[in-house]
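Below: one structure, written as structure tokens.
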Amino acid sequence: MMKIAFAGSFAIRLAEPVRARLSIPCEVIADNEAGILPKLADVDVLVSMGFTKQMAEAGPRLQLIQVPGAGLDRIDRSAFWPGLRLANAYGHEAGIAEYIIGVMIALSRSFGRIDSKLRQGQWEANGPSTRRHRHYGQSWQARPLAFLDLATSEKRWLAVQGLSICGYALFGDRRNRISQLACRLLVAQSASMTF
């Protein structure tokens, strides 16, 4: 019978949904990354965001390391032996790119603080205005995307700043959407990794 181990807080949450979808009998165990070590001796598949030399030594029967995310930065590929396979999640690049842009906008415009104040019945304006609009007889002004420079406590407008994206190959290849922010774009990606 195949044995599958789920290690780490994120992977542990996937153990029961995966078990429910298995079509063959499998033993499923789950623990934190340190706690799984003594249980890896007869494990075939490890689902984890991390893989260390200690895990490799503790799990000589491992055939597959399944990373339930896109990143491989916590995977020690030097601990792999011939035949040990590595797989990660992919296909969610557009959603992650949209989430990142959304978080940038939310943080740059202090949406959390503004939402909290609004829920208390207080309206807080945010930054200098660029255009005037009329809505229900009241005048209000639109503002460009800005972020607060923590070093100087000055507000900086993203439209006149640059935007840097690391990991461009996976998440950043959305140039047509990002270009609508009307800012300089600097991207970085690593060379393809093989092992």
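Rounded to 0.05, the FRET efficiency of the TRP81 and ARG13 pair, given R0 = 30 Å and the Cβ-Cβ distance, is 0.55. Residues whose amide H comes within less than 5 Å of that of ALA70, counting only those at least five positions distant or on another chain, are ALA89 (H built at 1.01 Å from N in the peptide plane). Note on ASP73 and GLN54: the model spin-label points, each 7 Å out from Cα along the C-beta direction, lie 2.1 nm apart. What the Cβ-Cβ distance of TYR99 and ARG119 gives, at R0 = 25 Å and to the nearest 0.05, is a FRET efficiency of 0.60.
None of the figures in this text is laboratory data; all of them are computed from the coordinates on show. Everything numeric here is computed off the predicted structure, so don't read it as measured data. When we count neighbours, we look across all protein chains shown, and the Cβ atoms used for this are built from the backbone with ideal geometry, even at glycine.
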